[in-house]
Amino acid sequence: MRKGLPVFVVGVVLGALCVWAAKGGSVTTTRGAIPQPSVLRCDRGELEQASARVAYLERELATIRSGTIGLSQVNGTASSVDEGSEEIADDRKKAEQDEALTWRVSAIEKFVPLTADQKGRLTQKYRAEREAKASGIEAQSESLEQILGEENAQYYRQQVNAAFKRMQDEEVEKEVLLVSRQLSLSAAQEENVRSIFGKVEEVVEANRGTSKNSSPQDRVKTMIEENRQRGELRSQELRNILSPDQYQAYLKTQTESAAADVEVFHDPGK
């Protein structure tokens, strides 16, 4: 059907032109004689024009059916589309970063009332620290004491530390209950495990580094080292309160946990 339509159009156009060119001609017949066919004469220039027109119509028809557009249009818009996508991604990233800054300021405001000036200065402080960290340089920004005042800054830090301690205690409690169920501990054993885990966390925290500019890779390494230290200290203390069977079962669960940590954090490229 696609090829038939152009051929039909060519036939119609050429036929019409030839008939028009033949007007004025006559066909004479004699009674009893065999009629002679009329000779249709077409001007060569008119035929070429008609053929060019048909070719143009064929191209238009093919374009409409395929639903495509010219390559020049595609090439002309590709670069602008890429640039637009990059701009959208940059705008989205900037919006997310600004939202994070707003959240940090709002978190402080839950503990300490803030003025509009203090909110602006806190936003500038955290933005400068973020940009400095991304550049690998030391941030030059105001301290919380300069923005909030000595008393408010101290109170805010106390609340943050208290919240962290509560979260840490909840995590320890979850681990104690998990161990208690796995090993079928008695009430006295469970309380001893709770005490041991709490003391071990204090030791790990005391040995923790205080560097604020460490890279994500360094923080992962620190976390792995802390888990190793935590496991060794707990195992040493639990040996004294668990039965041999319970202790072997505990060591088995710790070995499986350590293997999972290696699988998650191990980098084959190093």
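Pull up the stretch 90-130, narrow it to residues that are outside any helix (DSSP H, G or I) and in contact with a helix residue (DSSP H, G or I) (Cβ under 8 Å, 6 or more places away or on another chain), then point me to the one that is nearest to residue 147 (Cα to Cα). Outline the logic, then answer.
Residues of the stretch 90-130 outside any helix (DSSP H, G or I): 110-115.
Now narrow it down to the ones that are in contact with a helix residue (DSSP H, G or I) (Cβ under 8 Å, 6 or more places away or on another chain): 111-112, 114.
On the way: 111: 14, 112: 11, 114: 10 Å.
Here the answer is 114.
Quick one: count up the residues across the stretch 133-184 that are basic (Lys, Arg) and over 37 Å from the mean Cα position of the chain (by Cα).
So in the stretch 133-184, the residues basic (Lys, Arg) come out as 133, 157, 165-166, 174, 181.
Right, trim to over 37 Å from the mean Cα position of the chain (by Cα) and you get 181.
Matching residues across the stretch 133-184 total 1.
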Top-ranked residue of the stretch 236-250 - restricted to ones that are surrounded by fewer than 16 Cβ atoms within 10 Å (Cβ to Cβ) and within 25 Å of residue 205 (Cβ to Cβ), ranked as nearest to the chain's Cα centre (by Cα): 236
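Bear in mind these aren't lab numbers, they're just calculated from the coordinates by the rules spelled out. Here the structure is a predicted model, which means the values were calculated and not measured. Don't worry about glycine lacking a Cβ; one is built from the backbone with ideal geometry, like all the others, and counts go over all protein chains shown.
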